[in-house]
């Protein structure tokens, strides 16, 4: 035996090398890999600081960890988790697991701005080795927990900068939702955060994974792991567990593409972790034998120079963090969210949780648990270790035995399987399946047969699910859930975590406190209906205010008004809300990273909306509206309004003109109704807008990029705000000049300008009518006539008085154009109207309704108002020629003369001798009785 | 074997089955000729890791779990109902399973609108009844009854095509496992021997025609076979079946890989279009299954062999594809025309190669059909 095969693993190494020679075409390469695996195990075990390899969401790891902690009672635990997350771990006791530790940064400094906001989550479940380590360390006096992995800032620092976005950066992360992602609320609990977790262990490339799945005769990686690692290791002793895990870590490490970016990053992380541990050991002077380093099995087989505690290792320089300010908190997580984020099989985390509970019961152990931790189980805190620390013993080869031994019968025991079969049938019946006891028997039998076919001594939960699908699923799914989903529910179901009140950020606590008068338990995950009768109970008014702010800040389904609204100047006296704050805890918590109260966050958001590089005048006006509606802070409104004026003056396009017009009109109406005087910013906005749009009008009408809607809105602003602008010191000449300088070419804009000139009194209606008649008469122009018409329709906004003319124009067009031109033109007309004037068409229809006859009977006699002969000029008013009133006025003309003098029209009195209407006079003279009776009545009245 | 146009699986793969039987040491349920593991191996093919002396080729292409679930169902008390779109390989899987389990895949009842209870149970040889009276000798057992007597697998093709009362004749067979013959005074019950089970197939497109009763559904385990959409698997299936066909016709003709790609791609395109269609008029009547691809290719090969220059060309393939898929006029023709001009034409311009010929052939075929 040579030196290479010496040591505890010499025999195994020799055996593997011989196997490589016997079976491989090129034995050197294979021998290198196989012997390398053993070398890695040998090397990891030789480090004086005990390395404890784990895999994520592995009950076997958690159980081994629990046993080891009890036996060894380490004084220091080094954990592979971002070091800056450490202060949060104590807060876990206030939460119901699973929750995720989160680092969040909205304002980036040193990272590409387009990556923001950055979010990193590390989900923690009860059945994980890391939770056992954390609970042990935090609950045992004198034990220190040190997180040694790179900070969250480094997660992004180490990303290649040329990547478009950091979807799955860092180590320990995998692509989410390959096939495990389930749509739904619970699956999306982490949002688009980047996931980090301890002990990620997966084949390094797709082909290897596919190979393992194919030959393992399983469908998913989680199933493979469960069958080939999890179950055999479930009851393994510490040495076996450790050696096997390092071996697997080494296998996946060696079988992966060389020089991949991911491997480089992993190696940097290992350098980082070992450097941090060395620093801590040097600073604290703790004996490495009293420490435990908990890391992914992958990192236990590391080859970096810093690995181990040898003194001659080169120093690794840790780069400083960027200036990005990180916020930390806990957010709720769920089994399905973890499965979706890390690409695990649906239900695998739930199965792991169930396996963990079962393993604890079987082994008669109690897991470590943080004091005050809420959860499904009500057990007391972890039993304190009583055994003394065990001295480290020499390394013996446990691998040979493990690798050579046949698989232990694991999986389900018969009683458990029977229970599941009965339960799945009951669950299926509740979900509409016609399942019976016979199905339970069939599922039982099929599960056992399937396990036999798949080389398993006993059925696994995956076999059970397949059997249930085979026996119960028929041609259609009767309800919402199919049998596979029911199996997932049965095998533990999705568990959703919750962050307790004490672990919430101040803002979230404040929100819950302020909503307490509603009398609802808002931490529940159900949607709750809140009824607010603000008239009867004015104490609820602050709750209503807060709810409206939350409505603005949170996702739409978090708080949803069912009844009641809040507009400018309008508040409902009764409101009803659907509140789902418990389900949207993450959004509320992330809001807490932005400030300490909702008002502060809202103010910041509104300010940011008007100060950002993308800010526009219409956006600023929207912010002003929100500020009035939600905050009622004149100071902020003035500030935002002033910014709106600045933005408007600086704008070089008029794209937002319709929006600006709509919003400023609404705000002006609000101020007119509620305030004695317009605020300064509002006056400023009107004068600035008047000048701004006058200036831009000549360019806008010729600019091809500017639509007719925008020009219409500009003119709408100029005409409808004119009186106000003039009263504030603007000059009308500016507008007249602007109109005179405008020389549009597009037909629609030409029509708009004609309307504007008409409004200014520069183009009488008769001339406008004549121009349009010319257009209709000219067949070369007719195809573009709809464009003119759409211009006129847009002109209804600035010149509402033009509506009868537009109706006339359209009627004329329909009447005069011959069918060959009219019919192809109609679709163009409709599309033009639909595209350019959706909100003005109703106005047009109303006017048409007024103009055209309402009934069929009147249609024959109907003459269009514009076609009717011009009526003879009528006298100023009916002239009463006789009677007591006339007599009174003739007798006492002074009062009327005085009024006329005051009004400045010195009228002359006219004699009523010459009757204007001969027929009336004749009628009255022939039948004077009625008139005389009226006169008598009037006389009696005055008398 | 050489006398048969199409040999059943147990005859065709007799060597393999003999070999597997000889090396099978695992326990076998009932009177099965092979253990469940070997049945799976026969259907899905062997790998090096199985440690066999000879290679067993894969015969059915699809998810392994479907086969496993089917096998364990047959080993249990229930019948197996393979359900899926036409052309997904249900009958082929049923035949392979029956051949592997009992070396007899020919005990088949074909479900049609004219199937009667006699086809499932038994009927009488009228002349013998007149001559000798009713006896077991004058009785004609159905394939299902024969399967019961022999303890083997009986097959029922297109179960949902037969009427409900006929279907329900299976209920007692599947639950009591015997058929009584009231016409006889003694020896009037035929008991099923161990190993008897039924593999039925049903077309999911026939749903609603003759739905199974709940009682019958309970006695079957359903295994739904989806349309193969994985391109690699589909290529495997087409290649496998085409080779078989060429062998059967003794045709020396090579299918160029590019043409196989074109065929697979065109079906994939048409399936995507069908999935996106909002009404039946916008999707082809065809299920676009793998079997139809094989049919298209078979058609093209035979055409090339007998009417062409013994070389498979893209034009011929296109003609065969259009001819097979254009079942309704004008709906299917319009969809194919749209496909030709919207998808194939740009691709022919961009990639050239076989797509140009495919486009020409398609145009000619549509012109001829219109």
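The values are calculated or read from the model by the stated rules, or taken from the named source; none is laboratory data. This is a predicted model, so every value here is computed, not measured. Quick reminder, even Gly has a Cβ in these numbers, built from the backbone with ideal geometry, and neighbours come from all protein chains shown.
Quick check, is residue B:261 at pLDDT 80 or above and assigned to a helix (DSSP H, G or I)? It is true that residue B:261 is at pLDDT 80 or above and assigned to a helix (DSSP H, G or I).
Hey, can you tell me all the residues within the stretch B:156-187 that are surrounded by 13 or more Cβ atoms within 10 Å (Cβ to Cβ), assigned to a loop (DSSP other than H, G, I, E, B) and on the phi < 0 side of the Ramachandran plot? Scanning the stretch B:156-187 gives B:162, B:163, B:181, B:183, B:184.
Go through the residues of the stretch B:16-33 one by one and say whether even a single one is within 11 Å of another protein chain (Cβ to nearest Cβ), in contact with a helix residue (DSSP H, G or I) (Cβ under 7 Å, 6 or more places away or on another chain), over 23 Å from residue B:290 (Cα atoms) and assigned to a loop (DSSP other than H, G, I, E, B). For the stretch B:16-33, residues within 11 Å of another protein chain (Cβ to nearest Cβ), in contact with a helix residue (DSSP H, G or I) (Cβ under 7 Å, 6 or more places away or on another chain), over 23 Å from residue B:290 (Cα atoms) and assigned to a loop (DSSP other than H, G, I, E, B): present. Can you give me the number of residues within the stretch B:302-336 that are surrounded by 20 or more Cβ atoms within 10 Å (Cβ to Cβ) and closer than 9 Å to residue B:284 by Cα? Qualifying residue count, the stretch B:302-336: 4.
Please go through the stretch B:225-239 and give me each residue that is buried (at least 18 other Cβ atoms within 10 Å of the Cβ) and either within 14 Å of another protein chain (Cβ to nearest Cβ) or within 24 Å of residue B:168 (Cβ to Cβ) (or both), ordered by number. Across the stretch B:225-239, the qualifying residue is only B:225. Is it true that residue A:701 is assigned to a helix (DSSP H, G or I), crowded, with 16+ Cβ neighbours inside 10 Å and more than 45 Å from the chain's Cα centre (by Cα)? Taking the combined requirement at face value, the residue does not satisfy it. Total residues in the stretch A:893-914 satisfying the condition of being part of a loop (DSSP other than H, G, I, E, B) and at pLDDT 80 or above: the figure is 1.
A single member of B:268, B:202 is at pLDDT 85 or above and outside the structural domain of residue B:319 (by TED's automatic domain parsing), and it is B:202.
Scanning the stretch A:459-496 for residues that are more than 14 Å from chain B (Cβ to nearest Cβ) and free of Cβ contacts under 8 Å to residues at least 60 places away in the same chain, we see that the one that is nearest to residue A:353 (Cα to Cα) is A:485.
Test residue A:797 against the criterion of being surrounded by 15 or more Cβ atoms within 10 Å (Cβ to Cβ), within 21 Å of residue A:701 (Cα to Cα) and at pLDDT below 85, and give yes or no.
Working: surrounded by 15 or more Cβ atoms within 10 Å (Cβ to Cβ): yes; within 21 Å of residue A:701 (Cα to Cα): yes; at pLDDT below 85: yes.
Criteria met by residue A:797.
Among the residues examined, residue A:502 does not qualify as surrounded by fewer than 20 Cβ atoms within 10 Å (Cβ to Cβ), without any contact (Cβ under 8 Å) to a residue 40 or more places away in the chain and more than 27 Å from residue A:340 (Cα to Cα). When restricted to residues that are within 13 Å of chain A (Cβ to nearest Cβ), in contact (Cβ under 8 Å) with a residue 12 or more places away in the chain and in a loop (DSSP other than H, G, I, E, B), the stretch B:188-224 contains 7.
The number of residues in the stretch A:523-538 being touching a strand residue (DSSP E or B) at 6+ places or on another chain (Cβ under 8 Å) and farther than 23 Å from residue A:566 by Cα comes to 2.
Take the residues in the stretch B:37-65 that are within 9 Å of chain A (Cβ to nearest Cβ) and outside any helix (DSSP H, G or I); name whichever of them is nearest to the chain's Cα centre (by Cα). Ranking the candidates gives B:63 first.
Counting the residues of the stretch A:672-690 that are assigned to a helix (DSSP H, G or I) and surrounded by 17 or more Cβ atoms within 10 Å (Cβ to Cβ) gives 10. State all residues of the stretch A:417-455 that are more than 12 Å from chain B (Cβ to nearest Cβ) and not in a helix (DSSP H, G or I); if no residue qualifies, say none. Across the stretch A:417-455, the qualifying residues are A:431, A:432.
Looking across B:117, B:68, B:95, B:10, one residue alone is closer than 30 Å to residue B:160 by Cβ and within 14 Å of chain A (Cβ to nearest Cβ). It is B:68.
Considering A:716, A:712, A:707, which residue is closer than 21 Å to residue A:833 by Cβ, buried (at least 21 other Cβ atoms within 10 Å of the Cβ) and modelled with pLDDT under 85? Please lay out each step first, then the result.
Details: A:716 fails: modelled with pLDDT under 85; A:712 fails: modelled with pLDDT under 85.
Matching residue, one of A:716, A:712, A:707: A:707.
Restricted to helices (runs of 4 or more DSSP H) entirely inside the stretch A:561-633, those with at least 1 residues that are surrounded by fewer than 20 Cβ atoms within 10 Å (Cβ to Cβ) and not assigned by TED's automatic domain parsing to the domain that holds residue A:535 are A:598-611, A:617-626. Give, as residue ranges, the helices (runs of 4 or more DSSP H) completely inside the stretch A:304-411 that count at least 2 residues that are farther than 24 Å from residue A:119 by Cα and either in contact with a helix residue (DSSP H, G or I) (Cβ under 6 Å, 6 or more places away or on another chain) or at pLDDT 80 or above (or both). Here the list reads A:348-363, A:399-404. For residue A:478, the criteria (1) surrounded by fewer than 22 Cβ atoms within 10 Å (Cβ to Cβ); (2) part of a helix (DSSP H, G or I); (3) not assigned by TED's automatic domain parsing to the domain that holds residue A:585 hold in every case but one, which is (2). Scanning the stretch B:71-87 for residues that are in a loop (DSSP other than H, G, I, E, B) and within 9 Å of another protein chain (Cβ to nearest Cβ) yields B:76, B:77, B:78.
Restricted to the stretch B:308-330, and to residues that are outside any helix (DSSP H, G or I) and over 25 Å from the mean Cα position of the chain (by Cα), which residue is modelled with the lowest pLDDT? The residue in question is B:329.
Return yes or no: is residue B:251 assigned to a helix (DSSP H, G or I) and either away from chain A (no Cβ under 14 Å) or at pLDDT below 85 (or both)?
Details: assigned to a helix (DSSP H, G or I): no; either away from chain A (no Cβ under 14 Å) or at pLDDT below 85 (or both): yes.
When the stated conditions are applied, residue B:251 does not pass them.
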